[in-house]
Amino acid sequence: MGVNLVKMGARLKEERLRLEKTQRQLADIGGQAVNSQSLYERGERAPTGAYLAEIAAAGADVLYIVTGKHADSGAGISPGQALETITSAESELESTGALNGDIADKVIAIACDDTLDDPIRARADLVIRFAMRDTDADKAAELRQAERRKRVQAEMDWSKAVVADAIQAAGWTPSPQVVGHLVNLVRLYKVEGDVIMLLLHDLAALVPDQA
């Protein structure tokens, strides 16, 4: 049975949004025109090998895009198990001021498991910073925290840029409060710029003429 291009396109779009890229940005990375990116995501054309190689180098999970299966890069622990382990570590740290070797190793594995959601890993890093001060694990957790702050700032900057482009295209500027809500829609729920533009048109129609 052949590859389902529609499903592949949907997974490609999912990866693009995970990487915080617009269609144009990922097309540029892959050496393609933006209309080719659109065709790939709609399942109307198969991505080229060269394109997939370029976006893989930028962090896209090409195995997932092509097969629907994520590359195995983590410790194999479920989010629920990870949270249970972190909660136990926090309780032990609060009661004894230290962690035993087994639970400490588990917390480090969770912090390094990039298949887990970032808030879980951030919480694990906090435990490491408190329990393992001035160790290599502490230094690694500090670096991850710094990288996390950079990612959050980059995500915010990207979201603001998407909203700014939508505002310019719509030709109407809402209040700062509304802009903030729109930025959060993009940042938290990965709403596309064209959807934001449609929302702006709808909102503009509801605002009385100030003239």
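The values are calculated or read from the model by the stated rules, or taken from the named source; none is laboratory data. Values in this document were obtained by computation on a predicted structure and should not be read as measured data. Ideal geometry is used to build each Cβ from the backbone, glycine not excepted, and the neighbour counts take in all protein chains shown. Ligands, DNA and RNA are stripped out before the accessible areas are found, and what is left, the full protein with its side chains, is counted by its heavy atoms. Shrake-Rupley method; radii C 1.70, N 1.55, O 1.52, S 1.80 Å.
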Computed over the chain, the relative contact order (Cα-Cα under 8 Å, seq sep at least six) in percent reads 13
If the limit is 19 Å between Cα atoms, which of 13/150; 106/150; 69/150; 69/190; 21/69; 160/190 go over it?
13/150; 106/150; 69/150; 69/190; 21/69
Once phi for every residue in region 47-63 is put through the Karplus expression 6.51 cos²θ - 1.76 cosθ + 1.60 (θ = phi - 60°), the whole-Hz ³J(HN,Hα) values, with Gly and Pro written as x, are x, 6, x, 5, 4, 4, 5, 5, 6, 5, 5, 8, x, 6, 8, 5, 4
How large is the accessible surface per residue of the chain, computed with a 1.4 Å probe and reported in Å² as a whole number?
59
Only one of the values (1) 21.4, 70; (2) 17.6, 58; (3) 27.9, 95 was calculated from this structure for Rg and Dmax of the Cα atoms in Å; name its label.
(1)
Most mobile of 30, 97, 193 in a GNM of the chain (Cα contacts under 10 Å):
97
How many times 2.2 N^0.38 Å is the alpha carbon radius of gyration of region 133-193?
1.57
Return the tail of the calculated pair distribution for region 63-171, meaning the percent of Cα-Cα pairs more than 22 Å apart.
45
Whenever you get a sec, compute what percent of the accessible area on region 114-211 sits on carbon and sulfur atoms (1.4 Å probe).
58
Region 2-74 and region 133-168: distance between their alpha carbon centers, rounded to Å
23
Within 10 Å of each candidate Cβ there may be at most 15 other Cβ atoms; applying that plus a DSSP loop requirement, which chymotrypsin sites (Phe, Trp or Tyr not before Pro) in region 138-211 survive?
172
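Give the relative contact order (percent, whole number) for region 24-99; include only Cα pairs under 8 Å separated by 6+ residues.
Relative contact order comes out at 17 percent.
Between residue 81 and residue 184, what FRET efficiency follows from the Cβ-Cβ distance if R0 is 35 Å, with the result rounded to 0.05?
Details: r = 30 Å, r/R0 = 0.86.
Working from the Cβ atoms, E equals 0.70.
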Which longest run of the chain has no exposed loop site in it, a site being trypsin sites (Lys or Arg not before Pro) in a DSSP loop with at most 11 other beta carbons within 10 Å, and the site itself not part of the run?
134-211
Nearest 10 degrees is fine. How inclined is helix 176-189 to the longest principal axis of the chain, computing both from alpha carbons?
60
How large are Rg and Dmax for region 55-126 when calculated on the C-alpha trace, in angstrom?
14.8, 48
If all Cα-Cα distances of region 7-117 are sorted into 10 Å bins from 0 onward, what percent lands in each bin, rounded to whole numbers?
14, 35, 19, 17, 12, 3
Based on the Cβ-Cβ distance of residue 6 and residue 168, what FRET efficiency does E = 1/(1 + (r/R0)^6) give at R0 = 25 Å, to the nearest 0.05?
0.20
